[in-house]
Amino acid sequence: MLKVGDEFEDYLFYRGIGNFQLPATFSVDSNETLKIQNNSKEAIPFAFAFENIGGKFRYKNIGSVEPRQAASVAENEWVTPKNPQVEVFQQMRQGIVAQGLSTDEANAMVKTWWKSYFNKPGLRIFWVVPQYD
């Protein structure tokens, strides 16, 4: 438990800026194909792409990306959720729970991202950095 003043918090997540070489690169080509290149010696254990285009949502649960390999998401591979808050939340929670977070921790993490990432326009790739890195 973390105590700040009179408040207690069970979970502590850091969202910030770092200045280091990432073990992966991300690009979108002229055909709108998303590419994730894993440059690490270990697999990226979980990757999830999400895009909010003017309030229209789509996602792709990429899963793992093997070491020194690339994963791609072509334009026709995106999933358009019927209920984004449920589907995206469940997919994200499942992916990060599989990496060792408890369900409560995963719920808290996805909730912190909802307003700042999911409800704002743009493409986002959520991924777990390989343990080696």
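Run lengths n ≥ 4 of DSSP H only: what is the helix-derived mean residue ellipticity at 222 nm for the chain, with -39500 (n - 2.57) per run over all residues, to the nearest 500?
Values: 2 runs with 25 residues, N = 133.
The helix contribution divided over the chain gives -6000 deg cm²/dmol.
If amide H atoms are built 1.01 Å from N in the plane of the peptide, which residues on other chains or at least 5 residues away come under 5 Å of the amide H of Glu42?
Those qualifying (amide H under 5 Å, at least 5 residues apart or on another chain) number zero.
Relative to the first principal axis of the alpha-carbon coordinates of the chain, what is the inclination of helix 103-113, with its axis defined by its Cα atoms, in degrees from 0 to 90 and to the nearest 10?
Long axis of 103-113 versus the principal axis of the chain: about 70 degrees.
Which aspartates and glutamates have a Cα less than 16 Å from the Cα of Lys41, not counting those fewer than 8 places away in the same chain?
Glu66, Asp133
Could you name the lysines whose alpha carbon sits less than 16 Å from that of Lys111, not counting residues in the same chain fewer than 8 places away?
Leaving aside lysines fewer than 8 places away in the same chain, those within reach of Lys111 are Lys120.
To one decimal place, what Kirkwood hydrodynamic radius in Å is obtained for region 38-111 from all pairs of distinct Cα atoms?
Numbers: mean 1/r = 0.0749 Å⁻¹.
Over region 38-111, the inverse of the mean reciprocal pair distance is 13.3 Å.
Leaving out ligands, DNA and RNA, what percent of the accessible area of the chain is carbon and sulfur, probe 1.4 Å?
Values: 4260 of 8750 Å².
Summing carbon and sulfur atoms, their accessible area is 49 percent of the total for the chain.
The values are calculated or read from the model by the stated rules, or taken from the named source; none is laboratory data. In this text, all values refer to a predicted model and were calculated from it rather than measured experimentally. Quick note on the areas: whole protein, heavy atoms, side chains included, nothing else; ligands and nucleic acids left out. Shrake-Rupley method; radii C 1.70, N 1.55, O 1.52, S 1.80 Å.
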